[in-house]
1. Could you tell me which label, among (i) 48, 34, 33; (ii) 52, 33, 29; (iii) 38, 38, 30, carries the value of Cα extents along the principal axes in Å calculated for this structure?
2. Using the structure shown, select from Lys30/Lys53; Lys53/Lys103; Lys4/Lys30; Lys25/Lys107; Lys53/Lys107 the pairs with a Cα to Cα distance greater than 18 angstrom.
3. In percent, how large is the relative contact order of the chain, given Cα pairs closer than 8 Å and 6 or more residues apart?
4. What trypsin sites (Lys or Arg not before Pro) in the stretch 1-64 are in a loop by DSSP, with at most 13 other Cβ atoms within 10 Å of the Cβ?
5. Restrict the search to the stretch 7-95; then list the chymotrypsin sites (Phe, Trp or Tyr not before Pro) that DSSP places in a loop and that have at most 15 other Cβ atoms within 10 Å of their Cβ.
6. Which GluC sites (Glu not before Pro) in the stretch 44-141 sit in a loop by DSSP (not H, G, I, E or B) and have at most 16 other Cβ atoms within 10 Å of their own Cβ?
7. Kindly provide the helix-only [θ] at 222 nm of the chain, computed as the sum of -39,500 (n - 2.57) over DSSP H runs of four or more divided by all residues, to the nearest 500 deg cm²/dmol?
Amino acid sequence: MTTKGDNFTLVDIGSFENLLKRDYKGFGGKYFIGNDLGLTGCEVSLNCIPVGKTMPFVHAHKKNEELYIVTGGNGTFFVDGIEFPVQEGSLVRVAPSGERACKAGDKDLYFICIQAQEGSLTQATLQDGIRIETKTSWMDI
């Protein structure tokens, strides 16, 4: 289901367990959300690697760093020849030239991967955010 407004897009994909039903160019468990949401500053993928499975190749990037946010399960990450365990709550940043791959452990490995051009962030929330006087239905007036 997709809902669009002037300043937002909502896509509801259901439970992350549904990711295993998705296919991206022959790779199951991967869903790139950029096109569906109209993202313009980063690419995001939702991922599930089932128990006993792995990314099918090691890869790097030309310009984009990646942030992996492990949301469930466990597994092993590989970056530049170093292997280390990850589990729910692990955060892994990989520079563009970092050679990377991962595999699931004894549980399905769920993660979000955010790609953005390295060095492109010019400000963060405290410098960019603007407090608005508008109130929502759940805020005390």
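1. So the calculated entry is the one marked (ii).
2. Lys4/Lys30; Lys25/Lys107
3. RCO, the chain: 23 percent.
4. Sparse-neighbourhood loop trypsin sites (Lys or Arg not before Pro): Lys25, Lys62, Lys63.
5. Those that pass, being in a loop and sparsely packed, are Phe8, Phe57.
6. On the way: sites: Glu65, Glu66, Glu83, Glu88, Glu99, Glu118, Glu133; in loops: Glu88, Glu99, Glu118, Glu133.
Here the GluC sites (Glu not before Pro) that fit, given the DSSP loop and packing criteria, are Glu88, Glu99, Glu118, Glu133.
7. -1000 deg cm²/dmol, from helical runs alone.
Just so you know, all these numbers are worked out from the coordinates, no wet-lab data involved. Please read these numbers as outputs of a predicted model, since none were measured by experiment. Glycine gets a Cβ as well: all are built from the backbone with ideal geometry, and neighbour counts include every protein chain shown.
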